[in-house]
1. Of everything in segment 239-267 that's assigned to a helix (DSSP H, G or I) and without any contact (Cβ under 8 Å) to a residue 12 or more places away in the chain, which residue is farthest from residue 76 (Cα to Cα)?
2. Would you tally the residues in segment 56-85 being aliphatic (A, V, I, L, M) and in a helix (DSSP H, G or I)?
3. If residue 103 satisfies every condition in (1) within 28 Å of residue 140 (Cβ to Cβ); (2) surrounded by fewer than 18 Cβ atoms within 10 Å (Cβ to Cβ); (3) at pLDDT 90 or above but one, which is the exception?
4. Those residues that are touching a helix residue (DSSP H, G or I) at 6+ places or on another chain (Cβ under 8 Å) and within 20 Å of residue 100 (Cβ to Cβ), I need them from segment 118-141; list them, please.
5. Looking only at segment 222-238, filter to residues that are under 23 Å from residue 47 (Cβ atoms) and in a strand (DSSP E or B); which one of those is modelled with the lowest pLDDT?
6. Residue 325 is checked against (1) over 15 Å from residue 28 (Cα atoms); (2) at pLDDT 65 or above; (3) of a type in the set (S, T, N, Q) and fails just one. What number does that condition carry?
7. Please find, among 175, 95, the residue that is in contact with an Asp or Glu (Cβ under 6 Å, 6 or more places away or on another chain), on the phi < 0 side of the Ramachandran plot and hydroxyl-bearing (Ser, Thr, Tyr).
Amino acid sequence: MQRFLSHLRYSVRLLLKSPGFTITAVLILGFGIGANTAIFSLINTVLLQPLPYSHPERLVKVVLSYQDSWSNDVDYPDYLDLVAAQTAFDSIAVSHGEPLDLTGSGESQRLSVDFVSPSLFALTGRAAILGRTFNQQEDIPHGPMLAVIGERFWRSHFNADLNVIGKRLTLSEQSFEIIGVVPAQMDLGGSQPTDVYLPANSIAFFSLPIDDPQMSRAARTWHIFGCVGRLKAGVSIAQAQAQLEIIYKGLIDRYPDTDKGYKVRLIPLLDDVVGDYSGTVWLLGAAVGVLLLIAAANVANLLFVRGLERRRELAIRAAIGATRSRLIAQLLLETGLLSLFGGIAGLGFALGSIEIIKKLSPPEVYRLQEIRIEPAALLFVAAVIVLVAFLSGLTPAP
């Protein structure tokens, strides 16, 4: 231990005597490790990790395209007809987000509210923490005014009150009874976490009656609901789409004025969540991969040049009795110290980069807000650069 401490002190003195070299090497290491760790963590979180639901590979987004132009929304009457006729899905759910004002409890507060079908809670598999969720018999025109609140809102607004069930919320002058508390479900295109979930039919209290027979034609032109389905086990996306296409052709025959020109399409939900950003993310991954090679090469060149300058010093030390193993240990220790300082700088750079990515990211790609430092990515990047550094550091060894 005494010998190691002696080598350590000597290595620190050598590095301090060459501040230009030391600072440059640490900055190159830190930037290379930090940038690659941040982007590899981004790729893993956004593109590689499965969605946080049971059997996420069976989740698909149901969209309607009009004359080959994409629309991510469906209308409520068509949704009901598709659900009634299909056999390829365990469940299909719709959701529409609207900001509503919470009143009656002090200062007015703007809440993120989702009007959802009861099937959403079964589709996500995220059961109520307290109370229950509303059912199909309650989600009807002029049905009971019920609300399920999100866990985050329950904790922030009600201080996690266990007696919240039965209390009432006044949302834009409409009063709802709280019947349950649920963890975050599925924000279909929403940019803010959902505070309150209301039955889909209760949207009639705030805007167009979606299931009023006298307004059925208008309702079929109201494409505002995001739609997600969970395929039955063993059913492929192609099989499900073929079935929905047949059903929708029947709807076009029945409602040509509103449905003609539309086509049903199914997209894996992960692809829809990532959207058009997957190409950009992979491009960033390729760019930082090149940056990793450049960083490793630059560190290797720095250590190689420094090693050549120290050949005379090492030859003298060997002539006065220093063994080869001792000289190699000294070189490895110096390179190890540089790598340690570079790794610390890289960790700080990665944390800062991730925070910048979160702040600049578009709100609709909510997975970007879930980026965390991936230890595996950090270790891999550091290992590549440090390995090159070690090999280069051994070059001048006698």
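1. Looking at the filtered set, the residue picked out is 242.
2. 5
3. Here residue 103 clears every test but (3).
4. Within segment 118-141, 133, 139, 141 qualify.
5. 226
6. With (1) over 15 Å from residue 28 (Cα atoms); (2) at pLDDT 65 or above; (3) of a type in the set (S, T, N, Q) applied to residue 325, the lone miss is (2).
7. Step by step, each of 175, 95 is checked, and only 95 is in contact with an Asp or Glu (Cβ under 6 Å, 6 or more places away or on another chain), on the phi < 0 side of the Ramachandran plot and hydroxyl-bearing (Ser, Thr, Tyr).
Table: residues versus (1) more than 24 Å from residue 301 (Cβ to Cβ); (2) part of a helix (DSSP H, G or I); (3) within 27 Å of the chain's Cα centre (by Cα).
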| site | (1), (2), (3) |
| --- | --- |
| 22 | no, yes, no |
| 25 | no, yes, no |
| 47 | yes, yes, yes |
| 54 | yes, no, yes |
| 101 | yes, no, no |
| 107 | yes, no, no |
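The values are calculated or read from the model by the stated rules, or taken from the named source; none is laboratory data. From a predicted model like this one, the values you see are computed outputs, not experimental measurements. Here Cβ is always computed from backbone atoms with ideal geometry, including for glycine, and neighbour counts include all displayed protein chains.
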